[in-house]
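The values are calculated or read from the model by the stated rules, or taken from the named source; none is laboratory data. This one's a predicted model, so the numbers in the text were calculated from it and none came from an experiment. With ideal geometry, Cβ positions are generated from the backbone for all residues, glycine too; neighbour counts draw on all protein chains shown. To get the accessible areas, we keep the full protein, side chains included, count just its heavy atoms, and leave off ligands, DNA and RNA. Shrake-Rupley method; radii C 1.70, N 1.55, O 1.52, S 1.80 Å.
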Amino acid sequence: MSNKSIAISMEGKVALITGSARGLGAEIAKTLSRAGATIMITDILEDLGRSTVKEIEEAGGRAAFLPHNVTSEADWERVTAETVKQFGGLDVVINNAGIEICALFENTKVEDFQRILDINVTGVFLGLKHACKAMKPGGIAGSGGSIINLSSVAGLRGYAGLGAYCGSKGGVKLLTKAAAVEFASLKYGIRVNSIHPGLIPTNMGKSVLQGFVDAGLAPTAEKVSEAFERSTPLGMIGQPSDIANAALYLASDQSPWVTGAEIVVDGGTTAT
Ligand SMILES: NC(=O)c1ccc[n+]([C@@H]2O[C@H](COP(=O)([O-])OP(=O)(O)OC[C@H]3O[C@@H](n4cnc5c(N)ncnc54)[C@H](O)[C@@H]3O)[C@@H](O)[C@H]2O)c1
């Protein structure tokens with residue numbers, strides 16, 4: 001067997017990643033940076049966003065931060081324009097920002113349902129719209145590229161206590177496919193794919209565990225974590241790097257014939 005290795009290169013590419021001050025977004029940013037990409041970190045968490053930029057720079061990468069609420073169209077216009085101005089292009093947009101709400105249907109307030117749709121679905125819709133406008137031929141960046149949307153295993157199947165979240169992530173799955181088909185048929189050179197992570201212990205992952213307890217669906221967060229682990233064929237909880245490596249593949253030129261795909265990274269959970 002050959003011992004030659006293939007490294008995925010992102011040299012010369014510029015990636016904008018929403019909600020990347022922490023969690024999966026920050027891990028994706030660091031992974032793409034190590035592969036050579038220039039990174040625009042955007043988030044509503046400004047201090048944390050700037051410290052993630054510092055970490056990337058200290059590791060020898062190039063990055064900057066812009067404050068960005070993904071539900072604001074004016075913010076999207078500003079961050080896409082500013083990224084192209086600062087870094088000279090835009091090749092990858094990762095719609096990662098998201099929130100979760102854990103509650104039974106009968107206890108979910110309509111305002112909470114609308115809030116999760118606003119951030120998780122409208123945020124991704126605006127990301128698709130403004131990434132497309134910037135990246136398509138004749139746009140301010142104009143050289144096509146890759147858009148990646150963070151859905152979830154909860155966008156593929158139902159979970160008790162996660163009705164609003166499941167609805168929002170199912171929306172992300174089909175927005176992805178519609179955009180993939182449209183941008184391909186218009187010959188924009190823009191691929192669009194979704195990633196569907198299983199449970200990953202970020203701030204969100206940990207708060208989901210407690211959410212099941214608060215919703216009256218489990219006695220303790222530890223019990224929920226054990227149940228997730230038991231129901232995962234590979235027998236362990238995933239790590240942020242599992243998701244970041246999938247994003248690296250989809251962002252890179254190693255996936256030129258992949259569009260409209262749902263990449264499930266869940267240790268086999270949804271295969272059962
Ligand atoms: N962690 C998991 O188990 C898991 C599983 C499946 C899918 N996901 C998805 O992955 C993505 C990242 O999740 P995470 O685990 O890193 O969560 P996280 O809570 O650690 O990070 C989410 C980030 O999004 C930002 N954000 C929230 N609202 C925003 C807004 N309106 N505008 C801009 N930024 C905003 C937050 O400030 C935060 O930095 C989310 O879309 C989430 O639904 C996570």
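Listed values, structure above:
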{"item": "Filter result (surrounded by fewer than 22 Cβ atoms within 10 Å (Cβ to Cβ), assigned to a helix (DSSP H, G or I) and within 16 Å of the ligand (Cβ to nearest atom)) within segment 128-178", "result": "LYS129, VAL153, GLY163, CYS166, GLY167, GLY170, GLY171, LYS173, LEU174, LEU175"}
{"item": "Complete set of residues in segment 192-207 that are part of a helix (DSSP H, G or I) and within 7 Å of the ligand (Cβ to nearest atom)", "result": "ASN203, MET204, GLY205"}
{"item": "Residues of segment 138-193 classified as out of contact with any helix residue (DSSP H, G or I) (no Cβ under 9 Å at 6 or more places or on another chain) and under 24 Å from LEU32 (Cβ atoms), total", "result": "3"}
{"item": "Out of ILE8, ILE44, sole residue that is farther than 19 Å from ILE140 by Cβ and within 12 Å of the ligand (Cβ to nearest atom)", "result": "ILE44"}
{"item": "Only listed residue being touching a Gly at 6+ places or on another chain (Cβ under 9 Å), farther than 19 Å from ALA134 by Cβ and either open to solvent by 10 Å² or more (accessible area, probe 1.4 Å) or within 16 Å of the ligand (Cβ to nearest atom) (or both), chosen from ALA21, ALA97, ALA35, ALA59", "result": "ALA21"}
{"item": "Test set (1) near the ligand (Cβ under 10 Å from one of its atoms); (2) more than 18 Å from the chain's Cα centre (by Cα); (3) β-branched (Val, Ile, Thr) - VAL181 fails condition number", "result": "(1)"}
{"item": "Enumeration of residues in segment 224-268 that are at pLDDT 95 or above and in contact with a Pro (Cβ under 7 Å, 6 or more places away or on another chain)", "result": "GLY238, ILE243, VAL265, ASP266, GLY267, GLY268"}
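One line per residue, one yes/no per condition, for (1) closer than 30 Å to LYS109 by Cα; (2) open to solvent by less than 60 Å² (accessible area, probe 1.4 Å):
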{"position": "LEU209", "(1), (2)": "yes, yes"}
{"position": "VAL213", "(1), (2)": "yes, yes"}
{"position": "LEU217", "(1), (2)": "yes, no"}
{"position": "SER225", "(1), (2)": "yes, yes"}
{"position": "GLU229", "(1), (2)": "no, no"}
{"position": "THR232", "(1), (2)": "no, yes"}
{"position": "GLN239", "(1), (2)": "no, no"}
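So that you can scan it fast, the table gives a plain yes or no per residue for (1) touching a strand residue (DSSP E or B) at 6+ places or on another chain (Cβ under 7 Å); (2) within 30 Å of ALA215 (Cβ to Cβ):
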site: ALA7; (1), (2): no, no
site: ILE17; (1), (2): yes, no
site: ALA21; (1), (2): yes, yes
site: ARG34; (1), (2): no, no
site: ILE41; (1), (2): yes, no
site: LEU48; (1), (2): no, yes
site: THR52; (1), (2): yes, no
site: GLY98; (1), (2): yes, yes
